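The values are calculated or read from the model by the stated rules, or taken from the named source; none is laboratory data. Source: prediction; values computed, not measured. Methodologically, a virtual Cβ is constructed for each residue, glycine included, from the backbone with ideal geometry; neighbour enumeration extends over all protein chains shown.
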Amino acid sequence: MPVDFNFMVGGEAGQGVQSVGFLLAKAFARGGYHIFSDQDYESRIRGGHNFSRVRVGDDRIGAITESVDILIALNRDSIELHQTEMADGGVIIFNGEKVKDIGSNGSLFSIPLERLAREKAGDKVVSNTVALGAALALVDYDREILNTVLIEYFGRGKIADGNIAAADAGYEYAKAEYRGEIRHLKPISTIKRMLLNGNEAISLGAIAAGCKFMSAYPMTPASPIMEYMAAKSEALDLVMVHAEDEIAAINMAIGASYAGVRAMTATSGSGFCLMVEGLGLAGITETPLVIIDGQRPGPAVGLPTRTEQGDLQFVLHAHHGDFPRAVIAPADVEDAFWVTARAFNWAEKYQLPVIILTDHHLATSYATVEPFDLGQVTIDRGLLFSSRDEEPSEYMRHRVTESGISPRALPGLSKALVVTDCDEHNEEGHLTEDAGERTLQVQKRLRKLSSLKQEISTPRQYGPQKAETTLIGWGSTYGAIHEAVDILRKEGASINMLHLSELWPFPAEAVADALSIARNSYVIENNATGQLARLIKTETGKDVSGKILKFDGRPFTPAHIAEAVRKEAVKDGDNVRLCRPSTDVVSGLRQFRHPESVK
Amino acid sequence: MFNSLHGRPVPPAIGAKIANPALVVIAVSGDGDAYGEGGNHFIHAARRNHDITYLVHNNQVYGLTKGQASPTSDVGFITKTTPYGATNPVNPISLAIVSGASFVARGFAGDVEHLSDLIKKGITHRGFALIDILQPCIIFNHKNTFQWYRERVYKLESENGYDSSDKKAALEKALEWGEKIPIGIIYRKELPVYEDQLPALHKGPLVTQEIAPKRAESLLAEFM
């Protein structure tokens with residue numbers, strides 16, 4: 001029987017939901033399990049309702065799923081909001097001494113969390129860890145692994161000791177008092193995998209690629225990237241500047257890149273709005289740049305702590321005028337590392353801005369990944385000026401070449417004078433209004449895209465080569481669609497997946513081919529209008545059969561996609577339909593009810 | 001030479017300076033660019049005391065777009081965008097001082113020798129150096145003309161006992177405008193420079209440091 005076990009931790013902001021979730025994930029990752037863990041939280045520092053899901057499996061997992069096997073409910077709301085999501089045999093761990101009159105749901109298992117924390121560990125503040133220990137007992141997991149993780153998390157000392165005592169107390173209590181069936185989740189191997197989220201993978205990719213300069217302005221969900229870069233700045237000899245606004249952030253990165261350093265910035269949609277002016281500056285001065293846009297629901301402030309894939313059309317077209325850019329949307333945590341590391345090569349080789357689209361779901365969800373093989377990270381700085389090849393006195397920053405790429409001299413490092421201008425310019429880089437020079441420069445810049453197009457790989461395919469139905473997605477929906485294909489194929493469906501992580505330049509041929517093979521094609525997107533579907537139409541001329549869209553700020557689950565596909569399959573015609581999951585499969589609609597409305 | 005967007009020479013100047021501190025970095029603006037469009041960048045560059053020199057050609061009007069009022073236009077200055085007269089102007093000298101700039105000077109295009117000396121001193125100063133340059137626009141500003149300035153400017157150097165390291169005295173001088181306009185170094189102090197506290201730069205410019213993917217190996221271990 002394959003392992004697919006789901007923990008959920010629920011509570012108010014400030015109660016430690018994310019910490020408990022992380023410790024659970026870490027403990028099982030150490031035992032050789034594959035993990036996928038997401039964070040659902042409100043835009044507030046205290047109160048409200050937050051939860052974290054930790055999905056544990058013996059094979060790679062790329063998505064969250066609905067049913068909950070063990071819920072650690074740190075408050076009453078968590079029980080009321082999630083008790084209908086419990087699987088058969090599921091358990092809700094809660095503190096019955098604090099939460100009373102909660103009804104008689106068979107899943108409820110009361111543990112005196114605070115009393116045990118006080119009695120066995122000396123302080124009620126570690127009551128969460130009591131629950132953690134209890135959860136491990138219910139699956140007969142190795143408690144030593146948790147203790148090791150606790151020491152690493154808190155550092156050796158009184159705090160770790162207190163937490164270990166608390167975990168032991170919870171473990172003993174559950175072992176002694178639980179009357180239901182104990183599942184057995186034993187460690188399966190000692191394989192060391194990394195447990196990290198998309199933001200961390202991006203940061204590592206940038207550092208591995210030699211990014212030495214980052215300037216940014218804090219914005220959810222991208223802020224952890226600038227914080228990680230700042231934390232590693234001394235050890236890795238890089239600089240992270242917290243700029244006064246996003247306009248400064250992108251312009252500083254451009255200045256650093258002009259001076260010859262691999263540079264990046266990171267933000268979300270609203271921040272990117274402010275960076276749009278700078279994007280064109282990078283474009284016309286042909287300054288390499290990497291920009292991370294961690295998407296979240298918009299427009300404007302939208303849902304700050306939730307997820308969406310709403311910026312695709314925006315970043316494709318942002319700024320006025322025509323100039324080349326690249327747009328990449330990594331499929332998962334592992335892809336995020338490689339895509340980022342390669343983005344710096346693209347930026348420097350083609351001397352253009354590269355936009356990496358992630359989203360809150362990918363940025364903040366944890367996954368286990370085999371350690372990155374840094375030997376596979378290649379550095380290609382493109383065509384750099386050398387005084388061996390060219391007379392410095394004859395150097396022209398924007399020399400017109402067949403490929404459109406001009407040798408790039410770095411100011412002050414040779415006798416070449418490096419001139420560039422945000423105004424249209426001649427080959428020397430000086431401002432010009434000459435019609436001929438203008439035409440040459442525009443064509444030269446656009447020509448670079450043909451070279452970049454050679455680097456685009458075919459989109460990922462999963463499932464049989466030919467199938468009746470093809471599901472098409474982009475970015476972070478990879479894992480959920482992948483699993484939905486598995487679910488549907490088990491039911492006998494003829495179905496496969498086409499997944500794009502390179503959006504611009506667009507792999508038009510590959511997509512057109514895939515669409516001509518499948519009888520039905522459904523685009524699956526976390527936005528309201530089917531932005532990829534529109535892109536497919538403009539670039540291939542082809543329509544998809546239908547769109548499965550979700551724009552409530554929450555990520556897709558495989559079951560949700562599978563249900564939507566089943567519904568699409570029975571209807572006639574080409575009508576676009578919004579997906580409404582059946583209530584007995586998905587509890588998604590319940591997730592976004594405000595706690596108050598439950599009563 | 002990097003010709004940047006209106007209002008935005010300061011951030012790229014900062015980026016370039018951090019990438020390669022061996023470069024002498026000078027940002028050049030007009031008054032609208034520096035004190036209007038780029039106002040936020042101006043304040044924070046001064047606040048963080050980045051080691052760049054900022055030359056602002058202050059003609060108290062938007063010349064290139066043909067004569068609109070600027071943030072430093074005198075009160076009552078009539079233009080097509082200020083038909084009832086411009087309002088309270090930005091005072092760049094006092095703004096620079098209170099924002100934390102460590103070198104604040106004002107020059108006059110009518111005294112090139114004096115101005116050149118100010119620019120040299122600004123460049124050699126370690127930290128953010130502002131030189132606000134009174135530079136009449138003969139086409140669009142018929143109020144603040146060369147004649148108008150010559151009647152009003154006086155050099156701080158010729159004032160005995162002026163101590164440019166005294167912030168309060170500097171602020172008083174900064175508020176002098178109208179009948180008497182001080183030029184010269186109004187405020188100068190050695191203050192902590194932003195670039196000095198970046199450990200990465202202690203090893204040399206970022207641009208000449210090695211790119212080695214293997215250096216990330218120790219970071220991977222932290223996630224296992």
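In summary, A:Ser203 fulfils each of the numbered conditions (1) more than 26 Å from the chain's Cα centre (by Cα); (2) touching a residue at least 24 places away in the same chain (Cβ under 8 Å) with the single exception of condition (1). One residue stands out among those in the range A:365-391 that are at the interface with chain B (Cβ under 8 Å from one of its Cβ atoms) and assigned to a helix (DSSP H, G or I): the one that is surrounded by the fewest Cβ atoms within 10 Å (Cβ to Cβ), which is A:Gly375.
Taken over the range A:1-58, the residue count meeting the criterion of being in a strand (DSSP E or B) and not small (Gly, Ala, Ser) is 20.
When the range A:117-151 is filtered for residues that are assigned to a helix (DSSP H, G or I) and either in contact with a Cys (Cβ under 7 Å, 6 or more places away or on another chain) or without any contact (Cβ under 8 Å) to a residue 40 or more places away in the chain (or both), the ones remaining, listed by number, are A:Arg118, A:Lys124, A:Val125, A:Ser127, A:Arg143, A:Glu144, A:Asn147, A:Ile151. Does the range A:200-209 contain any residue that is surrounded by fewer than 24 Cβ atoms within 10 Å (Cβ to Cβ), among the small types (Gly, Ala, Ser) and more than 7 Å from every other protein chain (Cβ to nearest Cβ)? No, the range A:200-209 has no match at all. Being farther than 30 Å from A:Ala416 by Cβ and away from chain A (no Cβ under 14 Å) is not true of B:Thr53.
Is it fair to say A:Pro187 is of a type outside the set (Lys, Arg), buried (at least 21 other Cβ atoms within 10 Å of the Cβ) and modelled with pLDDT of 95 or more? It is false that A:Pro187 is of a type outside the set (Lys, Arg), buried (at least 21 other Cβ atoms within 10 Å of the Cβ) and modelled with pLDDT of 95 or more. Scanning the range B:8-31 for residues that are more than 7 Å from chain A (Cβ to nearest Cβ), crowded, with 21+ Cβ neighbours inside 10 Å and over 12 Å from the mean Cα position of the chain (by Cα) turns up B:Lys17, B:Val25.
Against the test of being more than 7 Å from chain B (Cβ to nearest Cβ), closer than 19 Å to B:Glu195 by Cβ and outside any helix (DSSP H, G or I), the options A:Met229, A:Met240 yield a single qualifying residue, A:Met240.
Looking at B:Lys120, B:Lys143, just one residue is within 27 Å of B:Ala27 (Cβ to Cβ) and either away from chain A (no Cβ under 14 Å) or of a type outside the set (Lys, Arg) (or both), and that residue is B:Lys120.
Tallying residues that are β-branched (Val, Ile, Thr), in contact (Cβ under 8 Å) with a residue 60 or more places away in the chain and within 12 Å of chain B (Cβ to nearest Cβ) within the range A:243-294 yields 3. Determine whether the range B:63-71 contains at least one residue that is assigned to a loop (DSSP other than H, G, I, E, B), without any contact (Cβ under 8 Å) to a residue 60 or more places away in the chain, surrounded by fewer than 24 Cβ atoms within 10 Å (Cβ to Cβ) and within 12 Å of chain A (Cβ to nearest Cβ). Checked the range B:63-71: at least one residue is assigned to a loop (DSSP other than H, G, I, E, B), without any contact (Cβ under 8 Å) to a residue 60 or more places away in the chain, surrounded by fewer than 24 Cβ atoms within 10 Å (Cβ to Cβ) and within 12 Å of chain A (Cβ to nearest Cβ). Scanning the range A:212-247 for residues that are touching a Lys or Arg at 6+ places or on another chain (Cβ under 8 Å) and under 25 Å from A:Thr307 (Cβ atoms) yields a total of 2. Within the range A:116-141, the residues that satisfy the criterion of being surrounded by fewer than 16 Cβ atoms within 10 Å (Cβ to Cβ) and out of contact with any helix residue (DSSP H, G or I) (no Cβ under 7 Å at 6 or more places or on another chain) are A:Glu119, A:Asp140.
Taking only pairs six or more apart or across chains, which ones have beta-carbon atoms under 9 Å, a first residue in the range A:475-493 that is closer than 24 Å to A:Ile292 by Cα, and a second residue that is among the acidic types (Asp, Glu)? Cβ pairs passing all conditions: A:Gly475/A:Asp359; A:Gly475/A:Glu525; A:Ser476/A:Asp332; A:Ser476/A:Asp359; A:Thr477/A:Glu525; A:Tyr478/A:Asp332; A:Tyr478/A:Asp335; A:Gly479/A:Asp332.
Residues in the range A:167-198 that are within 20 Å of the chain's Cα centre (by Cα) and within 12 Å of chain B (Cβ to nearest Cβ): A:Arg193, A:Met194, A:Leu195, A:Leu196, A:Asn197. Go through the residues of the range A:429-438 one by one and say whether even a single one is within 14 Å of another protein chain (Cβ to nearest Cβ), touching a Leu at 6+ places or on another chain (Cβ under 9 Å), touching a residue at least 24 places away in the same chain (Cβ under 8 Å) and buried (at least 20 other Cβ atoms within 10 Å of the Cβ). Within the range A:429-438, one or more residues are within 14 Å of another protein chain (Cβ to nearest Cβ), touching a Leu at 6+ places or on another chain (Cβ under 9 Å), touching a residue at least 24 places away in the same chain (Cβ under 8 Å) and buried (at least 20 other Cβ atoms within 10 Å of the Cβ). Would you mind stating whether B:Ser99 is under 27 Å from B:Ala13 (Cα atoms) and either free of Cβ contacts under 8 Å to residues at least 60 places away in the same chain or crowded, with 18+ Cβ neighbours inside 10 Å (or both)? In short, yes.
Look at (1) of a type outside the set (Ser, Thr, Tyr); (2) assigned by TED's automatic domain parsing to the domain that holds A:Val315; (3) touching a Pro at 6+ places or on another chain (Cβ under 7 Å) and you find that A:Leu446 fails only one, number (2).
With of a type in the set (Gly, Ala, Ser) and within 14 Å of chain A (Cβ to nearest Cβ) as the only criterion, which of B:Gly204, B:Gly161, B:Gly127, B:Gly110 stands out? Walk me through it before giving the result.
Values: B:Gly161 fails: within 14 Å of chain A (Cβ to nearest Cβ); B:Gly127 fails: within 14 Å of chain A (Cβ to nearest Cβ); B:Gly110 fails: within 14 Å of chain A (Cβ to nearest Cβ).
So the residue among B:Gly204, B:Gly161, B:Gly127, B:Gly110 that is of a type in the set (Gly, Ala, Ser) and within 14 Å of chain A (Cβ to nearest Cβ) is B:Gly204.
Scanning the range A:320-364 for residues that are within 13 Å of chain B (Cβ to nearest Cβ) and of a type in the set (D, E, K, R) yields A:Glu334, A:Arg342, A:Glu348.
I'd like to check which strands (runs of 3 or more DSSP E) are fully inside the range A:60-115 and have at least 1 residues that are surrounded by fewer than 22 Cβ atoms within 10 Å (Cβ to Cβ), in contact with a strand residue (DSSP E or B) (Cβ under 9 Å, 6 or more places away or on another chain) and modelled with pLDDT of 95 or more.
A:86-94, A:108-110
Just so you know, in the range B:207-224 the residues that are facing chain A (nearest Cβ under 7 Å) and within 21 Å of A:Leu384 (Cα to Cα) include one that is nearest to the chain's Cα centre (by Cα), and it is B:Val207. Of the residues that make up the range A:503-510, is at least one small (Gly, Ala, Ser), touching a Pro at 6+ places or on another chain (Cβ under 8 Å) and not in a helix (DSSP H, G or I)? Within the range A:503-510 (the criterion being small (Gly, Ala, Ser), touching a Pro at 6+ places or on another chain (Cβ under 8 Å) and not in a helix (DSSP H, G or I)), the answer is no, since none of the residues qualifies.
Within the group B:Arg152, B:Arg126, which residue is within 25 Å of B:Gly178 (Cβ to Cβ) and over 11 Å from the mean Cα position of the chain (by Cα)? Among B:Arg152, B:Arg126, only B:Arg152 is within 25 Å of B:Gly178 (Cβ to Cβ) and over 11 Å from the mean Cα position of the chain (by Cα).
Quick check on the range A:213-223. Is at least one of its residues at the interface with chain B (Cβ under 10 Å from one of its Cβ atoms) and crowded, with 24+ Cβ neighbours inside 10 Å? Taking every residue of the range A:213-223 in turn, at least one turns out to be at the interface with chain B (Cβ under 10 Å from one of its Cβ atoms) and crowded, with 24+ Cβ neighbours inside 10 Å.
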